[in-house]
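Have a look at the structure below, then the notes.
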Amino acid sequence: ESDQLDFPDEVDVPLDQPARVRFQKYRGLKSLRTSAWDPKESLPPQYGRVFAFEDFKRAHKRARAAQQRTTADLDPCGVAPSSYVAVRVAQVPAAAAAKVAAHVAAAAAGSCVPLTMFGLLQHEAKLSVVNFAIRK
């Protein structure tokens, strides 16, 4: 037990297995700071779907310009920021519609957060993390 306290980074090697076999999944590096390291090595498969942009601002600008070109005269629902709109949704169960109407009325009275709606650009994912602040 005192050896464990004195040398906490030492690991015992099983007697029935050679150390080179036991530790073959690890590699030795001369320096963690200067050694070459592949940043995409051993990542989970889900990370393959994440896309990294070289220049996010340029990609965003190009996507917005393309969206404006393709929907300039086709999109009757384009709304300026901070505008009030009326949204009509067909085939909604009465209970769900009543719940939404109650929420909108409560938001207008200031007793709960407002109902917000967002549109997606062509290549945006349908599931997004959105950070924003609403000020009254």
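Out of ALA101, ALA125, ALA80, I need the residue that is at pLDDT 70 or above and of a type outside the set (Ser, Thr, Tyr). Which one?
Matching residue, one of ALA101, ALA125, ALA80: ALA101.
If I go through the range 41-67 residue by residue, how many of them are surrounded by 10 or more Cβ atoms within 10 Å (Cβ to Cβ) and at pLDDT 80 or above?
Number of matching residues: 9.
Restricting attention to the range 14-40, which residues are at pLDDT below 85 and touching a helix residue (DSSP H, G or I) at 6+ places or on another chain (Cβ under 9 Å)?
LYS40
The values are calculated or read from the model by the stated rules, or taken from the named source; none is laboratory data. All values derive from a computational prediction rather than experimental measurement. When we count neighbours, we look across all protein chains shown, and the Cβ atoms used for this are built from the backbone with ideal geometry, even at glycine.
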